[in-house]
Amino acid sequence: MPKTRGTGLLMLWTDVDPAHEADFNRWYNEEHLHHLLKVPGFLSAGRYEAISGGPKYLAMYELEDVSVLRTSAFLDEVRFRPSPWRTKASGGHVGRNYLVQGYRQIFPARTNPVELTMGPPPYLQMGRMDIPAAFEEEWNAWYNSVYVPDYLGVPGVIRARRYMVVDGHPKYLTIYEFERADVPKSEAWNRVRDLNPWTHRIRPFMRLDPGSPAVFKRIYPDPV
């Protein structure tokens, strides 16, 4: 089976004016997504719509590694040579809460080989966040050894990954993959949130970006 996941991500969040949503979604599904997937190092992609939080639309591209975003194949053929349809569909309608960033994976350190051929999950929860430098080392140790592992035991949680942005802010991104949309509303999820004393001490220093955390449902491929 073809590889679908590496250690990098390209993420695009945006809101779209309601009058132009149909054109935007048609362009993205029929042209733009497939154009990007022809770039060497782009492995797979999924599109999502926010159930809570935002911005409303998310496109998530799985990369072999984040250095793909510095190649001429990406820069010359995609970023700097937009198609006429792209210019029409995105011009003026994708400017609200628009955020596009590249990320490198920091947790887990190694991806389970079984996961390397998995497709985009049906539901996601994502958080974009910063942490003051004075707490960063301890905060990452807590996040990797306590916070994420505790949530992985909640029914309906498939897996979790953490990333660091290549350039820009917020610095950190956390992605939880869910079987169902209601996982973060469950009693088991809420119980884990305040389970560990370390969590009470270190979590207050975390600064979430507006719209985070957000829960998304997949709209392409195979809408759920």
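Under 5 Å between amide hydrogens, which residues at least 5 positions from ASP209 or on another chain qualify, with H placed 1.01 Å from N in the peptide plane?
The answer is ARG128, MET129, ASP130.
Which three extents, in whole angstrom, do the alpha-carbon atoms of the chain cover along their principal axes, largest first?
In descending order, the Cα extents are 55, 37, 35 Å.
Can you list the lysines whose alpha carbon sits under 25 Å from that of LYS217, skipping same-chain ones fewer than 8 residues off?
Answer for LYS217, where 25 Å is the Cα cut-off: LYS3, LYS38, LYS56, LYS171, LYS185, listed by chain and number.
So what is the relative contact order of segment 8-220, in percent, for Cα pairs below 8 Å that sit 6 or more residues apart?
Normalised by residue count, the contact order of segment 8-220 is 29 percent.
In whole Å, what is the distance between the alpha-carbon centres of segment 158-216 and segment 1-78?
Computed from Cα coordinates, the inter-centre distance equals 22 Å.
Quick check: residue separation of ASP65 and THR111 times 0.36 nm, minus the Cα distance between them. What number comes out in nm?
Between ASP65 and THR111, full extension yields an extra 15.3 nm.
Ratio of Rg to Rh for segment 1-80, alpha carbon only, Kirkwood?
Ratio value, two decimals: 0.99.
Okay, helix-only estimate at 222 nm for the chain: each DSSP H run of n ≥ 4 adds -39500 (n - 2.57), divide by all residues, round to 500 deg cm²/dmol; what do you get?
-4500 deg cm²/dmol
Starting at the first residue of segment 43-52, write each ³J(HN,Hα) from the Karplus equation 6.51 cos²θ - 1.76 cosθ + 1.60 with θ = phi - 60°, in whole Hz, x for Gly and Pro.
Computed from phi, the couplings for segment 43-52 are 9, 6, 7, x, 10, 9, 10, 5, 8, 9 Hz.
What full-extension length gain, to one decimal in nm, is calculated for LEU99 and ASN190 as 0.36 nm per residue of separation minus the Cα-Cα distance?
29.9 nm
Each value in this text was obtained by applying a stated rule to the coordinates, not by laboratory testing. Keep in mind that this is a model prediction, so the values were computed, not measured.
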